[in-house]
2 protein chains.
Amino acid sequence: MHGDMIIRITKYYRILHKLKSLGLERVFANNLGDAAGVNATVVRKDFSLLKIIGQKRGGYEIDNLIASLDKILGKDKPQEAIIVGCGRIGGALMRYRGFASDGIKIVAGLDINTHVCDEQECPIPIYPLEQLEEIVKKKNIQVAILTVPEQEASDLFRRLCEAGVRGFLNFTPIGLKASKDEEDKHIIIHNVNIALELEQIFYELNISDNHML
Amino acid sequence: MHGDMIIRITKYYRILHKLKSLGLERVFANNLGDAAGVNATVVRKDFSLLKIIGQKRGGYEIDNLIASLDKILGKDKPQEAIIVGCGRIGGALMRYRGFASDGIKIVAGLDINTHVCDEQECPIPIYPLEQLEEIVKKKNIQVAILTVPEQEASDLFRRLCEAGVRGFLNFTPIGLKASKDEEDKHIIIHNVNIALELEQIFYELNISDNHML
């Protein structure tokens with residue numbers, strides 16, 4: 001499945017929940033398309049690829065659609081992640097409230113300093129880095145947020161891959177790349193480079209000022 | 001200029017600085033292309049669009065190239081930004097060291113609570129939100145990082161636009177959109193939705209497990 005399709009499905013999923021909360025029971029491809037900003041044909045094609053079939057009279061039952069998407073997106077399974085590196089950014093993410101509303105739970109932090117975070121402030125346990133492999137295996141962790149210093153990123157990425165982590169949200173400026181072996185295991189990496197994002201905004205503004213846009 | 005081209009130019013720029021620090025004086029389009037992961041033809045086309053001309057013997061003088069890109073990217077001007085909302089994420093970004101190495105300076109924070117950040121820990125002044133317009137104008141701020149609660153995002157976005165801010169790095173889950181008027185002023189918005197990024201990693205893993213990828 002293409003990344004664009006995953007983003008569209010995420011949108012349909014959120015829209016469906018909103019429609020359901022408004023009391024609707026049925027939805028048509030063109031309504032979903034309008035709300036998601038795509039053509040109805042795209043919606044029908046996406047659902048057909050996912051083997052989701054509409055009703056004979058046209059449209060889809062919202063409850064059935066949500067149940068199908070729950071399964072496709074894995075919303076029926078626990079979505080648990082760990083944070084590796086509990087410094088400034090990692091520490092802020094440990095206390096971030098936006099995850100819970102999306103059904104994501106941060107179950108542990110890992111850091112060289114397990115006292116990096118005030119216990120009263122931070123309800124998530126922090127373990128020493130030596131216990132990384134143990135925690136990943138014991139808690140069956142699939143996804144890690146990487147917020148360690150630049151020079152430790154590659155090494156910890158390898159260790160996490162070997163321990164069984166397959167999804168990474170990488171906040172370090174290092175562009176992590178799965179090795180040939182890891183590619184076969186479908187390692188998924190999303191990079192969030194905050195400084196680069198900010199830099200590009202400055203560039204775009206400058207270029208727009210020089211009428212090059 | 002297309003967003004992809006800006007990303008490529010950022011890459012060339014970083015590679016050129018690395019080559020210069022290694023003592024190189026000249027570079028060829030195919031070297032730059034290899035390092036940036038694009039074809040040499042793309043490099044030549046990018047530079048030709050930017051009116052950067054190579055040497056007769058082929059290749060480019062690294063110093064001249066850096067000077068041209070400095071001007072195109074606005075690196076010769078101060079790159080100053082403010083952080084609006086100094087809570088968990090905003091507070092972490094105020095102390096983030098990755099900006100300085102990219103020549104970006106966070107000059108002020110704004111929050112309803114100006115004591116949100118321990119003065120010893122945080123060397124950047126925090127002003128009350130009522131002074132937003134004043135600070136933007138006095139410091140001639142073009143770029144803002146938005147790390148406020150969801151419900152305050154739209155309102156503060158409007159106020160910042162009206163005060164003259166034209167570039168936004170938006171960490172709130174609200175998808176900010178420039179109004180018709182603001183589009184004419186070339187408002188640039190980059191959204192970083194951390195929960196959505198993490199959610200999509202879970203989806204991709206689940207879909208890959210179900211052999212749908």
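Every read-out reported here was derived from the displayed coordinates using simple, explicitly stated rules and does not represent laboratory data. No experiment lies behind these values; they were computed from the predicted model shown. As a convention, Cβ positions derive from the backbone with ideal geometry for all residues, glycine included, and neighbour counts pool all protein chains shown.
Based on alpha-carbon centroids, what's the gap between region A:12-53 and region A:133-176 in Å, whole number please?
Between the Cα centre of region A:12-53 and that of region A:133-176, the gap is 35 Å.
Using only the Cα atoms, work out Rg/Rh for region A:1-61, with Rh taken as the Kirkwood radius, to two decimals.
On the way: Rg = 11.0 Å, Rh = 11.7 Å.
Value, to two decimals: 0.94.
If R0 is 51 Å, what FRET efficiency do you get for A:Ser48 and B:Lys77 from their C-beta distance, rounded to 0.05?
On the way: r = 52 Å, r/R0 = 1.01.
Using R0 = 51 Å, I get an efficiency of 0.50.
To one decimal place, what Kirkwood hydrodynamic radius in Å is obtained for chain B from all pairs of distinct Cα atoms? Walk me through the numbers before you get to the answer.
Numbers: mean 1/r = 0.0502 Å⁻¹.
About 19.9 Å for chain B.
Hey, for A:Arg57 with labels 7 Å out along Cα-Cβ, what do the inter-copy distances come to in nm, ordered shortest first?
With the label placed 7 Å along Cα→Cβ, A:Arg57 yields 8.1 nm.
Below 8 Å, C-alpha to C-alpha, sequence gap of six or more: please give me the relative contact order for chain A in percent. Please list the in-between numbers first.
Values: 250 pairs, mean separation 27.2, N = 213.
Relative contact order here is 13 percent.
From other protein chains only, count the Cβ atoms within 10 Å of every residue's Cβ in B:91-104, then give the mean. Don't skip to the answer; put the middle values down first.
Numbers: counts 3, 10, 6, 1, 4, 5, 4, 10, 4, 1, 3, 8, 3, 6.
Counting other chains' Cβ atoms within 10 Å and averaging over B:91-104 gives 5.
Which chain A residue comes nearest the axis with its C-beta when you rotate A onto B, and by how many angstrom?
For the rotation taking chain A to chain B, the closest Cβ gives A:Ala92, 2.
Could you check how many percent of all C-alpha pairs in region A:79-196 are farther apart than 21 Å?
Values: 2219 of 6903 pairs.
Result for the distance tail: 32 percent.
Taking H as built 1.01 Å from N, whose amide H comes closer than 5 Å to the amide H of A:Arg26, not counting residues under 5 places away?
HN-HN under 5 Å from A:Arg26: A:Ile62.
What is the spin-label model distance, in nm, from B:Ser101 to A:Gln151 if the labels are put 7 Å beyond Cα along the C-beta direction?
1.0 nm
Among B:Leu69, B:Leu146, B:Gly98, which residue has its Cα positioned farthest towards the positive end of the charge dipole of chain B, with +1 placed on the Cβ of Lys and Arg, -1 on the Cβ of Asp and Glu, and the dipole taken about the Cα centre?
With unit charges placed on the Cβ atoms, the residue in question is B:Leu69.
Would you mind counting up the charge near A:Lys11? Only other residues with Cβ under 14 Å from its Cβ, with Lys and Arg at +1 and Asp and Glu at -1.
Details: positive: A:Arg8, A:Arg14, A:Lys18; negative: A:Asp4, A:Asp34, A:Asp46, A:Asp102, B:Glu199.
Here the count lands on -2.
Just want to confirm a number: the relative contact order over region B:79-196, from Cα pairs under 8 angstrom separated by 6+ residues, in percent.
Details: 191 pairs, mean separation 28.1, N = 118.
Once divided by the residue count of region B:79-196, the mean separation gives 24 percent.
With no solvent and one equal point scatterer placed on each C-alpha of region B:151-207, evaluate the Debye formula and give log10 I(q)/I(0) for q = 0.12, 0.19, 0.21 Å⁻¹, two decimals.
-0.36, -0.69, -0.77
Provide the FRET efficiency to the nearest 0.05 for the A:Gln55-B:Lys56 pair, computing r from the beta carbons and using R0 = 56 Å.
Numbers: r = 70 Å, r/R0 = 1.25.
Plugging the Cβ-Cβ distance into 1/(1 + (r/R0)^6) gives 0.20.
So if I place +1 on the C-beta of Lys and Arg and -1 on the C-beta of Asp and Glu, and nothing else carries charge, what would the dipole magnitude of the protein assembly as shown be about its Cα centre? I want it in debye, nearest 20.
Values: 54 positive and 58 negative charges, 276 e Å.
My answer is approximately 1320 debye.
Can you give the mean number of other chain Cβ atoms that lie within 10 Å of the Cβ atoms in peptide A:187-196? Walk me through the intermediate numbers first.
Details: counts 2, 9, 1, 7, 1, 4, 3, 13, 10, 7.
What the average comes to for A:187-196 is 6.
With everything on Cα atoms, drop me the angle between helix B:3-21 and the longest principal axis of chain B, reported from 0 to 90° to the nearest 10.
It is inclined by approximately 70 degrees.
Using θ = phi - 60° and the Karplus form 6.51 cos²θ - 1.76 cosθ + 1.60, what ³J(HN,Hα) does each residue of region A:166-171 get, whole Hz, x for Gly and Pro?
Using θ = phi - 60°, the values come out as 10, x, 10, 9, 9, 9 Hz.
For Cα pairs less than 8 Å apart in space and 6+ apart in sequence, what is the mean separation divided by the residue count of region B:3-72, i.e. the relative contact order in percent?
36 percent
Please give the average number of partner chain Cβ atoms lying within 10 Å of the Cβ of each residue in A:68-79, rounded to a whole number.
Numbers: counts 0, 1, 0, 2, 5, 7, 8, 4, 1, 4, 1, 7.
Mean shielding by partner chains, rounded to a whole number: 3.
Residues with amide H under 5 Å of B:Ile126's amide H, sequence separation 5 or more or different chain, H placed in the peptide plane at 1.01 Å from N; which?
B:Gly109
Specify the angular offset, from 0 to 90 degrees and rounded to the nearest 10, of the alpha carbon long axis of helix B:194-209 from the longest principal axis of the alpha carbons in chain B.
60 degrees
What lysines sit close enough to A:Lys177 to cross-link, taking a C-alpha to C-alpha distance under 16 Å and skipping anything fewer than 8 places away on the same chain?
Here the lysines satisfying the reach criterion relative to A:Lys177 are A:Lys185.
Which percentage, to the nearest 5, of the DSSP beta bridges contained in the protein assembly as shown is antiparallel? Before the final figure, lay out the partial values.
On the way: 4 of 46 bridges.
Around 10 percent antiparallel, to the nearest 5.
Please give the peptides B:46-53, B:6-13 ranked by average Cβ packing (other Cβ atoms within 10 Å per residue), highest first, as a rough proxy for protection. Intermediate results must be reported in sequence, preceding the final value.
Values: B:46-53: 14.5, B:6-13: 18.2.
Top of the packing list down: B:6-13, B:46-53.
Quick one: which residues, 5+ away or cross-chain, put their amide H under 5 Å from the amide H of A:Ile188? H built at 1.01 Å from N.
The list, which skips near neighbours in sequence, is A:Gly167, A:Phe168.
By how many nm would the segment from A:Lys20 to A:Asn113 lengthen if fully extended, with 0.36 nm per residue of separation less the alpha-carbon distance? Display every interim value, and only then the final one.
Numbers: separation 93, 0.36 × 93 = 33.48 nm, distance 4.57 nm.
Result for the pair: 28.9 nm of gain on full extension.
Under a Cβ-Cβ limit of 4.7 Å, which cysteines in chain A have nobody to pair with?
A:Cys86, A:Cys161
Using the 7 Å Cα-to-Cβ label point, sort the distances from A:Lys177 to its equivalents in the other copies shortest first and give them in nm to one decimal.
Result, one decimal in nm: 3.8.
Could you give the angle, 0 to 90 degrees to the nearest 10, between helix B:150-163's Cα long axis and the longest principal axis of the Cα atoms of chain B?
Once rounded, the angle reads 70 degrees.
Taking the label point as lying 7 angstrom from Cα along the Cα-to-Cβ axis, what are the distances from A:Glu134 to the corresponding position in the remaining copies, in ascending order and in nanometres?
5.5
Please give the Cα centre distance for region A:71-120 versus region B:60-122, rounded to the nearest Å.
Centre-to-centre (Cα) distance: 26 Å.
Which lysines have a Cα less than 17 Å from the Cα of A:Lys139, not counting those fewer than 8 places away in the same chain?
Those lysines meeting the cut-off are A:Lys77, A:Lys105.
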